[in-house]
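*Asks:* Here it is, the structure in full.
The values are calculated or read from the model by the stated rules, or taken from the named source; none is laboratory data. What you see is a predicted model, and the numbers here were worked out from it, not measured in a lab. Don't worry about glycine lacking a Cβ; one is built from the backbone with ideal geometry, like all the others, and counts go over all protein chains shown. For the accessible areas, the whole protein counts, side chains as well, though only heavy atoms, and no ligand, DNA or RNA atoms are used. Shrake-Rupley method; radii C 1.70, N 1.55, O 1.52, S 1.80 Å.
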Amino acid sequence: MKLTIENGLRRASLGDVLGRVCGPAGRKVALLAFAVLLAGCGTRHYRKSADKDVYRIIDQVEAQIFKRTNAFTIDTPYSARDPKTILPGEIIEDRLATNRRVINLRETLDLAVRTSREYQNQKEQLYLRALALTGQRHRFTPNFFGSINPSWSGDGNGNVDLDAVKPEAGFSQAFKSGGSLSVKLVNDLMRYYTGDPGTAALSVMSVDIAQPLLQGFGQNSDAVEALTQAQRGVIYSIRSFDQYQRQFAVDIVNDYFSLLGQKDSVRNNYTNYLRRVETRRYTEARAVDRVRQSEVDDARTQELNARIMYVNSVAQYMSQIDAFKVTLGLPLKEDLYLDDGDLRELSAAGLGAVPIDRDAGFRIAVSKHADILNAIDSFEDAKRQVRLAADKLKPGIRFQGSASYAVQDSTNSWSYHYARFNPDQFRYNFGLQIDLPLDRLAQRNDYRGTLVDFERELRQLGLTLDTFKERIDRGLRTLEQRRLNYISQLDALEVARRRVENDTLLLEAGRTDVQKLRQSQDALIQSQNDLVFTMVDHLQA
C-alpha cells in the first residue's frame, strides 16, 4: 500500500517526496520511522486503558461480593498533571497554606476520605492488586507482537546502504487447558533494497502449539493457577479494603470524639480555675478578721494548681489537634475547629444497651467480617496447593506440534503470493514429550511441605475463629461495663455538685474551711472530666 499526498492536481507518492528531500537512504529510514510513529500510542492512552480495566474489575468483584458497587477511583488533584510540572516548591507552599475550617462529624469523615494519605495508600494498594490481575488475564487472550529489524552496511568511502528490513508479526496465547499457541510471520526484504535478482525475498509463517496431557493439565497448570490466585487476591483485597474503610471511619469517629472530650475537659478545667479564683478572692476578703493567713495561702496554691491544669490541658488539646490534622492530611498551618454539637447530641441520647448476644455476634462476624472470610479462603488456597503439588508427582506427557509455510520470491515484483498455496513449501511436525517419574525427590518434598502448610492453615483458621469469638465476648462485656460506669458517673457528678454547693454555703457561714471546699471542688472537676471520657470510651467500644 502506498501513502500519497495531494498538491493541487498533482499526486506523488510519499516515498518520492521524501526521496527528493532526503535521498534514497533518507526515504527508507523516514518511512520506517513514520511506521513506528503510527504504531505507537501516547502515555495518556495507556493510563486511561489501565484505569478502565482496573475499575471494571473492582466494580465486578464488589457487585459479586457485596451486591453493590462504589465509585472507586485513585485520582488526586495531581493526577491529571504531568509529573514534570510538579515541583517541590509547590508542595512546600501547599503545606504552608493557611485556612480556617469549622467541621462537624459528617464533614470530618468526608474530609478524611478525600485528604487522608493513609486512606489513599490503601486505595492504591487495591488498584495495584487489580492491575496485576489484568496482566494475568492478558496471558489468556491473543498477545500480538510486531517488530522491524533494519540493518545497514557501508565502506570506507562513506557509502552507507540500508541492506535489509526484517519485519516480524504474530501473536501468542495461553489456554485454560494449560496449553499455548504461537503464530509468527517473518519477512526478509533484503532483495527489495539491494536490487540483487539473485537474492530472494523470503517469507515464513509458522505455528507452534503445546498442550500438557497429564501433569499440568487444566486447573493444575501453573498459568491457570497464577490467574486463579490473582483473581482470589483481588477478592481478598476488596474485602480487606472494605474492612479498612469501616475501621478507618471508626478511628476517625474515635479521634473526633476524643478531641471533643479533651475540648470539654479544657472548658471544665477553665471553669474550675475561675472557681478557684473566686474562692481565693473570697478568702482574702475575709482574711481581715475571720480567716487565717494559712487558708489564704492554701486558696492561692489551689488557684495556681488549677491554672497549671488548665494551661496543660490546652497544650494537650492543641497537640491532639495537630496530630488529627496529620491523620486527615491537612496542612498544620490550618486552624481547625470542631463543632461541639455532636458531643451534645451524644450526651443527650444517652447510652443504650447493645441488643445482641455473644453467639449471634459471632455468627454475624463469620458471615460478614473480611478477616474471617479471608482466613476461610486462605484455608481453601492451602487445600488447592496440596492438589497442585500432588499433580507434580505425575508423569509429564506433553503434546508439541509446529507447522510452517515458507514462500521464496525470486521475481522482480515485491509480492509473496500467499494465496498461491504450494504443498511442497508446507512443513509440519508433531510428537510427545514424556517425562518419566524416575526422580521426584524435589516434587515429593514440595508435596509433603504443602501438607504441613495445610495443617498450619487449618490451625490458623481455628485460631482466627477463637480470637474473634473472644474479641466479641470481651467487646460486649466492655460495652456493658462502660455503660454501667457511665450511669455511675452521672450519679457521682450529681453528688459532687451538691457537695460544692453545700460547702460553699458552709464556708460563707463560717462553718467550714477552705480545705474542705477545695476537696469538694477537686471531686467535681474529676467527675466532670470522667463523665465525658466514660461516654467517649463507650462510643469507642
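*Asks:* Say we look at region 475-501 and pick out the residues that are basic (Lys, Arg) and more than 11 Å from Leu524 (Cα to Cα); which of these is modelled with the highest pLDDT? Quick ask: steps written out before the conclusion?
*Replies:* At the first step, the residues of region 475-501 found to be basic (Lys, Arg) are 477, 482-483, 497-499.
Still in the running and more than 11 Å from Leu524 (Cα to Cα): 477, 482-483.
Values: Arg477: 91, Arg482: 88, Arg483: 88.
Restricting to residues being basic (Lys, Arg) and more than 11 Å from Leu524 (Cα to Cα), the top hit is Arg477.
*Asks:* With respect to Gln215, is the statement that it is surrounded by 17 or more Cβ atoms within 10 Å (Cβ to Cβ) and either under 39 Å from the mean Cα position of the chain (by Cα) or at pLDDT below 95 (or both) true?
*Replies:* Details: surrounded by 17 or more Cβ atoms within 10 Å (Cβ to Cβ): yes; either under 39 Å from the mean Cα position of the chain (by Cα) or at pLDDT below 95 (or both): yes.
Spelling it out, Gln215 is indeed surrounded by 17 or more Cβ atoms within 10 Å (Cβ to Cβ) and either under 39 Å from the mean Cα position of the chain (by Cα) or at pLDDT below 95 (or both).
*Asks:* Moving on to the next point. Show the residue pairs that are 6+ apart or on different chains and have beta-carbon atoms under 7 Å apart, the first residue being within region 138-166 and within 23 Å of Asp53 (Cα to Cα), the second being open to solvent by 80 Å² or more (accessible area, probe 1.4 Å).
*Replies:* Phe140/Lys176
*Asks:* A further question follows. Looking at (1) under 32 Å from the mean Cα position of the chain (by Cα); (2) surrounded by 13 or more Cβ atoms within 10 Å (Cβ to Cβ), which is the one condition that is false for Ala299?
*Replies:* With respect to (1) under 32 Å from the mean Cα position of the chain (by Cα); (2) surrounded by 13 or more Cβ atoms within 10 Å (Cβ to Cβ), Ala299 is out only on (1).
Condition check ((1) modelled with pLDDT of 90 or more; (2) in contact with an Asp or Glu (Cβ under 7 Å, 6 or more places away or on another chain)) across all residues:
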| residue | (1), (2) |
| --- | --- |
| Gln219 | yes, no |
| Leu227 | yes, no |
| Ile238 | yes, yes |
| Phe248 | yes, no |
| Asn269 | yes, no |
| Arg275 | no, no |
| Arg281 | no, no |
| Glu284 | no, no |
| Asn312 | yes, no |
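*Asks:* So, in region 314-348, exactly how many residues are open to solvent by less than 30 Å² (accessible area, probe 1.4 Å), more than 15 Å from Leu260 (Cβ to Cβ) and not in a helix (DSSP H, G or I)?
*Replies:* Result for region 314-348: 4.
Yes or no, residue by residue, for (1) outside any helix (DSSP H, G or I); (2) open to solvent by 20 Å² or more (accessible area, probe 1.4 Å):
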{"position": "Arg483", "(1), (2)": "no, yes"}
{"position": "Glu494", "(1), (2)": "no, yes"}
{"position": "Arg511", "(1), (2)": "yes, yes"}
{"position": "Val536", "(1), (2)": "no, no"}
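*Asks:* Hey, could you check region 164-210 for residues that are among the charged types (D, E, K, R), at pLDDT 85 or above and over 20 Å from Tyr428 (Cβ atoms) and say which is least open to solvent (accessible area, probe 1.4 Å)? First the steps, then the outcome.
*Replies:* So in region 164-210, the residues among the charged types (D, E, K, R) come out as 166, 168, 176, 184, 188, 191, 196, 208.
If we keep only those that are at pLDDT 85 or above too, we end up with 168, 176, 184, 208.
Those still in the list that are over 20 Å from Tyr428 (Cβ atoms) too: 168, 176.
Working: Glu168: 57, Lys176: 122 Å².
So the residue we want is Glu168.
*Asks:* If I go through region 82-99 residue by residue, how many of them are surrounded by 10 or more Cβ atoms within 10 Å (Cβ to Cβ) and of a type outside the set (Val, Ile, Thr)? Spell out the reasoning first.
*Replies:* Within region 82-99, the subset surrounded by 10 or more Cβ atoms within 10 Å (Cβ to Cβ) is 86, 90-91, 93-97, 99.
Imposing the further condition that a residue be of a type outside the set (Val, Ile, Thr) reduces the set to 90, 93-97, 99.
Result for region 82-99: 7.
*Asks:* Could you please let me know if Asp339 is under 20 Å from Arg267 (Cβ atoms), in contact with a strand residue (DSSP E or B) (Cβ under 6 Å, 6 or more places away or on another chain) and either of a type outside the set (Ser, Thr, Tyr) or touching a residue at least 60 places away in the same chain (Cβ under 8 Å) (or both)?
*Replies:* Details: under 20 Å from Arg267 (Cβ atoms): yes; in contact with a strand residue (DSSP E or B) (Cβ under 6 Å, 6 or more places away or on another chain): no; either of a type outside the set (Ser, Thr, Tyr) or touching a residue at least 60 places away in the same chain (Cβ under 8 Å) (or both): yes.
Taking the combined requirement at face value, the residue does not satisfy it.
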